[in-house]
Amino acid sequence: MQELLNNIKQCTTCKDHLPLGPNPVVSAHKNSKIVIIGQAPGTKVHASGIPWDDASGKQLRTWLNVTDQQFYNPEHFAIIPMGFCYPGKGKSGDLPPRKECAIAWREKLLAQLNNIQLTIVLGKYAQAYHLPQTKKQPLTELVKSWRDYWPSHLPLPHPSPRNNIWLKKNPWFEQQVLPELGTKVRSILKG
């Protein structure tokens, strides 16, 4: 596992397409219990090299009801974005994750995670890959149907502050989904 992670962190496959250059951000351990599949690092995470080291990460840790110490323990959480490097800026936010990461590394990395008890799938790009049958399903509808994937997977909206409007329009998410998620995470981490 460590050799694979080292190879990923040295990857330069799409360097010509990355405005800030390559800086793959990923964290995993062969004993990881929960895998978090996100989109791709933003500029702050690119600069720090620490996964979810931004406002979205703070929101995600609140949703999971875990401390920074728990979250950054790779034996608890594998953090595997769809794209490992910052993809650049688009018209309405960051560009989509580059596909080269999934092609080169995703299956190799996931194959070494034999202790995963929950896969948290954040955002449409991650959901399209890991829950391909949901590609055309609107995000709200997909998250409302979360029990269809539970207890092995949980599709969630991206925890970005840009989604605060979505959260306000969908109070059922915080009332129904997050308590179940918190209970499941606590149970897994204690287990």
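The values are calculated or read from the model by the stated rules, or taken from the named source; none is laboratory data. Note that this is a predicted model, so its numbers are computed, not measured. Don't worry about glycine lacking a Cβ; one is built from the backbone with ideal geometry, like all the others, and counts go over all protein chains shown. Accessible surface is based on the protein model in full, side chains and every heavy atom, while ligands, DNA and RNA are left aside. Shrake-Rupley method; radii C 1.70, N 1.55, O 1.52, S 1.80 Å.
Per DSSP H run of at least 4 residues, take -39500 (n - 2.57); add these up for the chain, divide by its residues and hand me the 222 nm value, nearest 500 deg cm²/dmol.
Taken over the chain, the calculation gives -8500 deg cm²/dmol.
Could you pull the accessible area for E180 with a 1.4 Å probe, rounded to 10 Å²?
70 Å²
In the range 94-144, if every C-alpha pair distance is counted and binned at 5 Å from zero, what percent goes to each bin?
4, 16, 25, 24, 19, 11, 2
Just by accessible area at a 1.4 angstrom probe, what is the order of S32, S27 from largest to smallest?
Reading off the accessible areas and sorting them downward yields S27, S32.
Kindly point out which whole DSSP H helices in the chain project their C-alpha atoms 30 angstrom or further along the helix axis while averaging a Kyte-Doolittle hydropathy of 0.5 or above.
Qualifying helices: none.
Between D148 and K15, what's the calculated FRET efficiency when r is the beta-carbon distance and R0 is 45 Å? Round to 0.05.
The value I calculate is 0.70.
Could you put T62, T12, T134 in order of accessible surface area, largest first, with the 1.4 Å probe and the full protein assembly present?
From most accessible down to least: T62, T12, T134.
Can you give the translational diffusion coefficient of the range 90-191 in µm²/s, computed by Stokes-Einstein from the Kirkwood radius over Cα pairs at 10 °C and 1.306 mPa s?
Using the Kirkwood radius from Cα pairs, D works out to 105 µm²/s.
Under a straight-distance cross-link criterion of Cα-Cα below 28 Å, which lysines are reachable from K144, leaving out those fewer than 8 residues away in the same chain?
Hits, sequence-local ones excluded: K33, K58, K99, K124, K135, K136, K168, K169, K184, K190.
Find how many whole Å separate the alpha carbon centroid of the range 175-191 from the alpha carbon centroid of the range 1-45.
Taking the Cα centre of each part, the range 1-45 and the range 175-191 sit 26 Å apart.
What three numbers, in Å, describe the spread of the alpha carbons of the chain along their principal axes, ordered from the longest?
So the three principal-axis extents are 44, 41, 31 Å.
Trypsin sites (Lys or Arg not before Pro) within the range 1-63: which are DSSP loop residues with at most 14 other Cβ atoms inside 10 Å?
K30
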